[in-house]
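To keep things clear, I will list the structure first and then write my remarks on it.
The values are calculated or read from the model by the stated rules, or taken from the named source; none is laboratory data. Since we're looking at a predicted model, the values are computed, not measured. Backbone-built Cβ (ideal geometry, glycine too); neighbour counts: all protein chains shown.
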Amino acid sequence: MMQIPFVDLKSQYQGLKDEIDQALLGVCGRGDFILGKAVSDFEAAFAGYCSVSHAVGVGSGLEALILVLKAYDVGPGDEVITAVNSFVATSLAIEAVGARPVFVDCDPVTYLMDAAKTEAAVTAKTRVLMPVHLYGQPADMDPLLAIARRHGLKVIEDAAQAHGAEYRGRRCGSLGDAAAFSFYPGKNLGAYGDGGCVVTQDASLAEKVRLLRNYGSKIKYHHEVKGVNSRLDTLQAAVLNVKLPRLDGWNDRRIQAAQAYGQCLQGLPVQLPVKADEMRHIFHLYVIQVEDRDRLLKELNAAGVQAGIHYPVPLHLLECHKDLGYKRGDYPAAEAAAAKLLSLPMFPEITSAQIEYVAAALKKIMKVSV
Ligand SMILES: *Cc1c(COP(=O)(O)O)cnc(C)c1O
């Protein structure tokens, strides 16, 4: 029996070991552990990668979202419109600054925030649209940007799953007013611990985030605003500097793996991922829809295949968001999808043999003869 991991960070490290080890030892040798050279090098390189002029490294993806919201003075009394199908960080960031998350249901096929249902959610209190580029596929930005223009809203991309994804030839991160990335180890560009980044074309926003992430000061002990400690760690930046030049190649291999899955799963009673036209979907996750999902997942695990669910509970039904007063039935498309979503192993190093094994296991479990 094969054991197929959900992601394989160890095998990636083996391929980069010499360079990573050297980069980490370099930081130790220089001793510039806080906002060191590797951080400014990475910020310059990542801004270029995202086709924007500013990148500010921060402590995590959650903090990247919080700091952008704070820098735009979003707070109590304000509403932020966002996707109901996402990781909890998206809605927690909004609540962390005291604003209210207002959810929009997802498109039943792409699972992305439904642009057609977004304008109806705008009220006099709305300040921000925060679309999520879910699973590595860009949200439908052009209609969202048009809504934002009509109502004078900021657009903050949650790009934590979209390093290198493109919408109509434009890089995710460069589409709205600002974007938040995460470098959690399992993301397409992952550090060896927590990390995040704010990217933007807006120089004054970048400056504010730079202040906020570092106790509100540019000059040591001169604190202009009440900031926090949320700096991208120099050791993490050193890892990211080794990995960034490989990101496009890794994303290509994820795209190839997704194509291979598509072929191997043909004829099975599963709904394959759907890529909208003109998108570079970089398959952070490979998510299918199946009936009887929980049984399938259990049996896949028993067959040595680590699959996952992203996400089993839509944001409006999470225990931690009870106080927002949403109820079952409020977002039918997301609720229906949540019961059927199944994420198959996906990482750049996945082999055809591993993909074939996953497909064969699924066939056997589903008792299909194809
Ligand atoms: C991972 C993730 C985040 C949060 O990133 P952390 O670095 O774990 O804080 C935010 N939004 C989405 C959509 C994510 O997938």
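Listed values, structure above:
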{"quantity": "Residues satisfying the stated conditions in the range 200-241, i.e. surrounded by fewer than 16 Cβ atoms within 10 Å (Cβ to Cβ), part of a loop (DSSP other than H, G, I, E, B) and hydrophobic (A, V, I, L, M, F, W, C)", "calculated": "Val225"}
{"quantity": "Which listed residue is surrounded by fewer than 20 Cβ atoms within 10 Å (Cβ to Cβ) and of a type in the set (A, V, I, L, M), from Ala55, Ala45", "calculated": "Ala45"}
{"quantity": "Filter result (on the phi > 0 side of the Ramachandran plot and either in contact (Cβ under 8 Å) with a residue 12 or more places away in the chain or not in a loop (DSSP other than H, G, I, E, B) (or both)) within the range 132-177", "calculated": "Tyr135, Gly136, Gly164, Arg168, Gly169, Gly173"}
{"quantity": "The range 33-85, residues that are among the aromatic types (Phe, Trp, Tyr) and either within 15 Å of the ligand (Cβ to nearest atom) or not in a loop (DSSP other than H, G, I, E, B) (or both)", "calculated": "Phe42, Phe46, Tyr49"}
{"quantity": "Search result, residues across the range 14-59 that are on the phi > 0 side of the Ramachandran plot and touching a strand residue (DSSP E or B) at 6+ places or on another chain (Cβ under 9 Å)", "calculated": "Leu35, Ser51"}
{"quantity": "Selection count where residues are in a helix (DSSP H, G or I) and within 24 Å of the chain's Cα centre (by Cα), scope the range 5-32", "calculated": "7"}
{"quantity": "The range 62-111, subset under 19 Å from Gly195 (Cβ atoms) and either among the β-branched types (Val, Ile, Thr) or modelled with pLDDT under 95 (or both), residue surrounded by the fewest Cβ atoms within 10 Å (Cβ to Cβ)", "calculated": "Val88"}
{"quantity": "Unmet requirement for Arg295, which otherwise passes all of (1) within 16 Å of the ligand (Cβ to nearest atom); (2) over 16 Å from the mean Cα position of the chain (by Cα)", "calculated": "(1)"}
{"quantity": "Tally of residues being more than 12 Å from the ligand (Cβ to nearest atom) and polar (S, T, N, Q) across the range 157-212", "calculated": "4"}
{"quantity": "Filter result (under 16 Å from Pro138 (Cβ atoms) and among the hydrophobic types (A, V, I, L, M, F, W, C)) within the range 151-188", "calculated": "Val155, Ile156, Ala159, Ala160, Ala162, Ala165, Cys172, Leu175, Ala178, Ala179, Ala180, Phe181"}
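Each row is one residue, and each column tells you yes or no for (1) part of a helix (DSSP H, G or I); (2) of a type in the set (Asp, Glu).
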position	(1), (2)
Glu291	no, yes
Asp294	yes, yes
Tyr311	no, no
Asp330	no, yes
Ser343	no, no
